[in-house]
Amino acid sequence: MSTVFADLPVVAIVGPTASGKTRWAVEIARAFGGEIISADSRQVYRGMDLGTGKDLEEYGDIPYHLIDICQPGEKYNLHRFLQDYNRVLEEIRTKGKLPVVCGGSGMYVEAALNGLQMPEVPRNEELRDRFRGKTLEELTSLLATKKALHNTTDVDTVQRALRALEIMEYYETHPQETERTKPSMEKSAIVLGTDISRDLRRERITRRLKTRLDNGMVDEVKGLLEKGVNEEDLIYYGLEYKWLTLYATGKIDYQEMFTSLETAIHQFAKRQMTWFRGMEKRGWTIHWMTWDLPIPQLIEETGKLLSK
């Protein structure tokens with residue numbers, strides 16, 4: 001079933017990690033003649049495959065974008081994502097294809113669908129000197145006192161917290177730039193959510209983590225370090241790369257790595273759902289459907305939404 005839609009809407013797939021978003025995106029793109037835009041803040045990096053859960057074999061012959069576009073060690077951010085997203089979105093629409101956005105980074109998805117245009121915020125050495133030596137907990141407390149102009153839900157390292165503070169202070173001192181961040185909701189967007197119970201989500205996260213470790217996720221991180229990727233840069237990416245790097249460099253043992261990483265991923269999934277619930281409060285309608293919905297039914301329901 002290949003359909004060209006007159007107004008070329010966007011279909012976005014959201015949901016917590018390990019809930020089958022990629023599978024949905026692929027099946028919807030295949031059914032309706034679409035191409036996938038990844039909205040994942042870490043799948044942009046080449047060679048970071050198991051840790052980011054790229055699952056490239058799932059895509060088959062479906063075109064996808066914004067995966068493997070950066071070298072590990074680079075700092076990809078929301079500003080760069082929005083530039084890349086808008087370029088790719090125009091390319092897909094020019095071909096008359098259906099854009100299918102897929103990703104667990106709620107900030108990226110919502111910013112893209114809101115049509116935000118953000119300034120590039122420069123590094124602030126004075127701010128970094130001012131907060132040098134503060135713990136992650138202290139920096140997080142500082143973030144909580146400021147207006148949330150930038151996502152802080154993924155702040156799990158000192159570097160990320162400093163960057164979030166840097167961005168917030170920039171907006172405070174450049175009030176004219178906030179005009180560029182006012183949302184302009186894309187009315188034609190259809191947002192689908194993979195609905196999975198908390199207990200099953202936790203079970204799938206733990207099972208997937210064990211599988212990826214068995215498949216060589218530690219070796220992936222060791223390989224990146226051997227190729228010269230800076231240890232601090234890998235830790236900056238958080239989650240798998242934070243804890244696996246600490247293990248690979250001998251700072252923690254295997255059991256501490258596994259337990260800490262498992263806990264961190266569970267917490268991340270909870271933060272993801274908090275973000276998506278926040279999207280609903282901010283005016284977005286998310287059509288939640290059970291994560292293991294039979295594909296024919298998923299396609300039927302999506303087709304109904306596209307036809308409205």
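The values are calculated or read from the model by the stated rules, or taken from the named source; none is laboratory data. Worth saying up front: this structure is predicted, and the values here are computed from it rather than measured. Neighbour counts run over all protein chains shown; Cβ positions are idealised from the backbone, glycine included. Calculation scope for accessible area: heavy atoms of the full protein, side chains included, ligands and nucleic acids excluded. Shrake-Rupley method; radii C 1.70, N 1.55, O 1.52, S 1.80 Å.
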Put a dot 7 Å past each Cα toward the Cβ at Lys187 and Glu120; how far apart are the dots in nm? 3.4
Apportionment of accessible area to carbon and sulfur, the chain, percent (1.4 Å): 49
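With respect to the cross-link table entries Lys270/Lys308; Lys21/Lys227; Lys54/Lys242; Lys134/Lys281; Lys21/Lys134; Lys21/Lys187, which display a Cα-Cα separation exceeding 29 Å? Provide the component values of the computation, followed by the final result.
Values: Lys270/Lys308 32 Å; Lys21/Lys227 31 Å; Lys54/Lys242 18 Å; Lys134/Lys281 34 Å; Lys21/Lys134 37 Å; Lys21/Lys187 22 Å.
Among Lys270/Lys308; Lys21/Lys227; Lys54/Lys242; Lys134/Lys281; Lys21/Lys134; Lys21/Lys187, the Cα-Cα distance tops 29 Å for Lys270/Lys308; Lys21/Lys227; Lys134/Lys281; Lys21/Lys134.
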Which order do the peptides 126-139, 73-86 come out in when sorted by mean C-beta neighbours inside 10 angstrom, highest first? 73-86, 126-139
Counting just the Cα atoms, what span does region 14-54 cover along each of its three principal axes? Round to the nearest Å and put the largest first. 30, 20, 14
When you count, for each residue, the other Cβ atoms within 10 Å and take the mean per peptide, how do 269-279, 234-244 rank with the highest first? 234-244, 269-279
Can you pull the one-decimal nm distance between simple spin-label points at Gln71 and His287, each 7 Å off the Cα toward Cβ? 4.3
Share of Cα-Cα pairs in the chain beyond 34 Å, in percent? 21
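Work out the FRET efficiency for Glu90 and Asn230 from their Cβ-Cβ distance, taking R0 = 41 Å, and round it to the nearest 0.05.
Details: r = 34 Å, r/R0 = 0.84.
Calculated transfer efficiency: 0.75.
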Just the accessible area per residue of the chain, please: how many Å² with a 1.4 Å probe? 47
Under the rule of at least 5 residues apart or a separate chain, name every residue whose amide H is placed under 5 Å from the amide H of Asp195. Met289, Thr290, Trp291
Leu127 versus Ile62: modelled label distance in nm, points set 7 Å from Cα along the beta carbon direction: 3.8
